[in-house]
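The values are calculated or read from the model by the stated rules, or taken from the named source; none is laboratory data. These figures come from a predicted structure and were not determined experimentally. As a convention, Cβ positions derive from the backbone with ideal geometry for all residues, glycine included, and neighbour counts pool all protein chains shown.
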Amino acid sequence: MFKAWGTLSLAVLCFAAGVTAHEHHTDKIEEGQAVSVDPIDSILWVHILIQTLAWGVLFPTGMVLGIIRSRWHVPVQTAGSVLSIVGYFLGHGHKGRQFSKNIHSAFAPSLMLLLIIQVAMGIYLKLHMEKGIHGRIRRIVVKCHGVVGKLMPVVTWAQMVFGGITALGFCRGDHLGQCLAHFIMGGAFIAYGVILTILLLVGQLWIRRMGRSQEFFDSLVIAAWGCVNTFTEHRWGTAWVRNDLQHTSMGIIWWCAGLVGVWLSRKRDGTPKRNLIPGMVILITGWAMSAHPQTLPLSNMVHKVFGYTLMGAGITRIIEISFVLKDSNATTQDGSDPNSFQYLPVFLLYASGFLFMGATEEQMQLLSDAHVSHVSYVLILYSIAFLLFLFVSMLLHLYAVSALGEHSKIDPEAPRANGIPNGHPRAVDRRVRDAEEFELEGLISEDDDAESPVAAKERHGA
């Protein structure tokens, strides 16, 4: 196994350097264009499918398997690494459509280097060298391996977006600014939905330990994002054009409302308190985007549906806090059984993110020229949102079931803590007890702590 991983790492390292110097043919690209008019050939389609499977499915699944110390972590990551190498070769061996210099090909070597580093750290940890200086090195490598593993889905998402815009030759010249706005903001809504899904299904104990309400973190991010938008949506010193004023005013209301949300996230005694400010901000943003003026009728309709979807996310979030949870954190103490209504605002954030990412000027012009109706396009984007929501939920289910000790299979080679393998149900029960004892700390007097079991039994008996 170790020899195979070593050979794999060496192969990745060797071809990465060679492929970086590979020159793409651009003789068929017309002047002023980013891609040729040739269709995408079968080799490039296979490259897209393989890389989507490896980076989009196998690596995130392997990441979760690594977190729960499953014996399937190494096989899944090995399969993903092999597929990513094959896909990398295919990406530089296709025919048909030609591409000019682009960010997708420029970012690929960095992504493969990250994979090489991750594989190397995985091999080192699998050797279980813990004596002498290796004990200190191992602790550092364990943390770095975990950080890089959790970073991989983020950079993979960026590379997939780069691949999409490269395939169509979008987001160049004057279109770059609005492209960045759509993809960054749309991706932010999707990320918000993913984070809320994590907190909903497996993050309630973490929120309790933090001693903050969920709206504190939401409002803090909203305020920070509003400050960025306030000073970046308009080129200061130049004339106000098109939607500059609306974008800037939207940034202003975000940081104003975010500050209010932070303030309202605590009671007078300092304990956490839920509030409706993040939901109101999402609702107001959706209303503003539904009335955002556009040049194409198709773009107008897509932006309107995006605004309505975002308004739905804000309204359902308000209903969830006020009437479903009634200002509590969850329906149960550990959040293991959320109310079915709580999934609705989370999913609507996924859908609104994909709608906004799919509403750039060039995309709308392409669909308008092809006479695609906004209904068909919106349904396709909703379908993609459903698939991502399903995949995230499945990964969290895999983590939760294993962490709770149901049908978990523990890697016998995994590091142990106090004689108990990581991910063992007893270890989870201990973490739950620690969290409960942390919250009860201060309510137990020193006399109670000092009281012997016999005295306590006699007192309760009396």
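General remarks:
- Test: Ile165 is closer than 30 Å to Gln363 by Cα, of a type in the set (Val, Ile, Thr) and not in a loop (DSSP other than H, G, I, E, B): yes
- Residue check for Leu283: modelled with pLDDT under 95 and buried (at least 18 other Cβ atoms within 10 Å of the Cβ): no
- Only one of Ile140, Ile123, Ile117, Ile103 that is over 21 Å from Cys171 (Cα atoms) and touching a Cys at 6+ places or on another chain (Cβ under 9 Å): Ile117
- Extreme residue, nearest to Ser336 (Cα to Cα), among residues of segment 170-216 that are in contact with a Lys or Arg (Cβ under 9 Å, 6 or more places away or on another chain) and not in a helix (DSSP H, G or I): Ser213
- A single entry from His292, His303 fulfils the requirement of being in a loop (DSSP other than H, G, I, E, B) and within 16 Å of Met250 (Cβ to Cβ): His292.
- Meets criteria (in contact (Cβ under 8 Å) with a residue 24 or more places away in the chain, surrounded by fewer than 20 Cβ atoms within 10 Å (Cβ to Cβ), closer than 22 Å to Arg97 by Cα and not charged (D, E, K, R)) for Ile67: no
- Residue check for Phe323: assigned to a helix (DSSP H, G or I) and in contact (Cβ under 8 Å) with a residue 24 or more places away in the chain: no
Residue-wise test of (1) under 20 Å from Gly56 (Cβ atoms); (2) crowded, with 19+ Cβ neighbours inside 10 Å.
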site	(1), (2)
Pro109	yes, no
Ile123	no, no
Lys126	no, no
Met152	yes, yes
Gly186	yes, yes
Ile198	yes, no
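- Residue within segment 95-111 that is more than 15 Å from Thr166 (Cα to Cα), modelled with pLDDT of 90 or more, more than 22 Å from the chain's Cα centre (by Cα) and of a type in the set (A, V, I, L, M) present: no
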